[in-house]
Amino acid sequence: MLGNTLAGRYQIISNLGGGGFGETYVACDTQLPGTPQCVVKKLKPQSHDPHTLQTARRLFDTEAQVLYQLGNYQYIPQLLAYFEENQEFYLVQEFIEGNDLSHELTPGKVFTQAAVISLLQEILEILEFVHQQKVIHRDINPRNLLRHKIDNKLVLIDFGAVKQITTNFVTSQIPKITVAIGTPGYIPSEQAMGNPKLSSDIYAVGIIGIQALTGLSPEQFEHDADSNEIIWQHQANVTPEFAEIIDKMVKYDFRDRFISAREALQAIKDFSCGSNSSSATLALAPAPALVANHQSGNISSANIKLFHPINPKVIAIKALTGITLIGTIATAGFFILDAINSTNSAALYKQANTLYDLQRYEDALNTYEQALEIRDDYADAWNGKGKALYELKKYQDALVAYDKSIQLQPGLFLAWRGRGFTLAKLERYQEAISSYNKALEIQADDAEIWNAKGEVFSQLKQYDDAIQSYDKAVELKSDYPQSWYNKGKLFHALKRYEDAIKSYDKAIEYQPSYQNAWYDKGNALVNLQRHQDAFNAYDKAVQIKSDFYPAWFSRGNVLLKMGRYVEAIDSFKEVTKYNPNNYQAWYSQGWALHQQQRYEEAVDSFNKATAIKRNDFQVWYSRGNSLYNLKRYEEAISSYNRAVNYKPDHYESWYSRGNAFLNLQLFPEAIKSYEQAIKIKLDFQPAINALNQAQAQLTIPKDTTKPEQIKKEDSGVTSNPQNN
């Protein structure tokens, strides 16, 4: 897998590990600025029979939706994408940089009770959210808890639900639903028997608590021979009250445990509050009415309510003057409201980003707008709104959003960048360049912007500037296939075909599945008359994308040039399979059939072409030639008439029309046609010869007239269709 690119986007960098049901990799997203890293999980079914694959797809889709929902939470990696390729299933998630908890829970290291309380609270707060979504993780263990390098907070990874998808793919026709999942030492008995509960996750958290308090690994724990309960307190410095909570978390019988993370978390919080109550003084909770009164200037000491914890050890503060207390509470109230607004808008913004990454642009737009309803000064959310509108092709609205973002935060690189892309779509190229330049002042090493500048310069026909921009893009990112391809297209337009091929080859080197690069390389090779090489390039393009009908069409045409008519016909059939209204393909197929003397089939193909495009003289002319060779002269004349009607100066149609009349012994009409052909092309010797023959027939008495029939191969000059 290393070096492979999945879904045309995620390039595998390294292997994180795996087992019998799949592998986990670090990848980079080649379609985002800076190619950020992500985690790709390949979930491989153990059987590929139709029933198993159908079940796999259903479970995969269901569980991906669950992961997407869970990823909206701050301390769970976001689901970025999920897809199927080659009957294998892939999840793409946010990459979390940091060390897992096993680096902290080292053998022999004993945590204090206070540190363990803090640790368990942090884990249970994440697990509370998971359980609220009716999801059982089923593999809580230190290796699945990462300490984020950025904020030092724990992040829960590798959900058991994902493992359920993989383990359900068995070879029998009836999928096995109840399976044992988890890490030995952290699995309670009911989970080991394939019947996990929410409290099964609580058991695993309790094991982590004992591990931290004792410095022992789970396999070193003692168990009571009769009850199978864990014996551990004698090896830890712990209060009886907290030990009782841990014991309840790890009860052998799940019915004796806390039923959910919320219940366990509340027990620890209650214990923690009681143990720290001697230092508690006062809890202030201003009611919303208090803030409103303050805003209107009508506040008095009667509005103030002080809330004390119900604990006899609380020491209440009494010596506060009314005015000082009012000011403190009112200010705190504003801070609280601001904090809530900031938190809510940030959560919505993060959710919108996830929707955007999943290409659910309408949903993303709505969610960005919800964030802005809470905070209309949220520059990042305005930028996000601009991104979503851009993807929805609402470019004018996107431009307004980007401008708002820049007004709020003039140095926001992404907004300047997006503004440039949008202006380019609106064909406001000079303004686009100005925006790109502004973005590059902030961040000069963005290869995608340099590439975009090259595209705009190409539109402005400033070719030297365009080439310099593409060169800068690949200088910053040598493996940037889009820039190499764009550079090749520019050289191609300038008829610098050798240079174009070199650039296309670079694009292909870094992205071997780049079908457009293969296709355009073939076009450049045709212009150099390198037909076999062109065929190879077109053939590669259609191998990569079987419904790539422009490549099939060009493949057929280059086969015509090489006289390989049977293969050409097959290529044109592929075109019409994927694009039935492609009249050029029907015409070219007819021409190839004509060369194979398959005239009836040729006429059928020409009929398909004329039904799509009535006024193409070339198709009518070629149709007439096939009919002529079938000796259906009157029908042939009708086709030639249509040809000269659409192109009166087409001397070949006049000549062939004359031939058909001659074979019908209609000599005056034949003579008129030949004369018209010669009038258009004075030195057209076949028409001159035929005219002489027709005139000679007029001098022979009617009863002995028997014209020499024009040979079939002389019926007309059937032009080779052009290669597009």
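Data overview
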| item | result |
| --- | --- |
| Options 500, 473: the member that is in contact with a Leu (Cβ under 9 Å, 6 or more places away or on another chain) and in contact (Cβ under 8 Å) with a residue 12 or more places away in the chain | 500 |
| Any hit, the stretch 22-35, residues being modelled with pLDDT under 75 and over 18 Å from the mean Cα position of the chain (by Cα) | yes |
| Criterion violated by residue 41 - all others in (1) out of contact with any Asp or Glu (no Cβ under 8 Å at 6 or more places or on another chain); (2) modelled with pLDDT of 70 or more; (3) under 28 Å from residue 348 (Cβ atoms); (4) buried (at least 20 other Cβ atoms within 10 Å of the Cβ) satisfied | (1) |
| Qualifying residue in the stretch 641-650 (condition: of a type in the set (Ser, Thr, Tyr) and buried (at least 20 other Cβ atoms within 10 Å of the Cβ)) | no |
| The stretch 541-558: number of residues that are modelled with pLDDT under 95 and among the basic types (Lys, Arg) | 1 |
| Residue within the stretch 634-657 that is polar (S, T, N, Q) and part of a loop (DSSP other than H, G, I, E, B) present | no |
| Yes/no for residue 423 being under 14 Å from residue 455 (Cβ atoms) and either assigned to a helix (DSSP H, G or I) or not β-branched (Val, Ile, Thr) (or both) | yes |
| Any chance residue 431 is assigned to a helix (DSSP H, G or I), within 30 Å of residue 4 (Cα to Cα) and acidic (Asp, Glu) | no |
| Among the residues listed as 671, 688, the single one being touching a helix residue (DSSP H, G or I) at 6+ places or on another chain (Cβ under 9 Å) and over 20 Å from residue 639 (Cα atoms) | 688 |
| Flag for residue 586 being of a type outside the set (Asp, Glu) and farther than 19 Å from residue 525 by Cβ | yes |
| Residue count, the stretch 618-647 (criterion: modelled with pLDDT under 95 and aromatic (Phe, Trp, Tyr)) | 1 |
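The values are calculated or read from the model by the stated rules, or taken from the named source; none is laboratory data. Just so we're clear, the structure is a prediction, and the values are computed from it rather than from any experiment. Ideal geometry is used to build each Cβ from the backbone, glycine not excepted, and the neighbour counts take in all protein chains shown.
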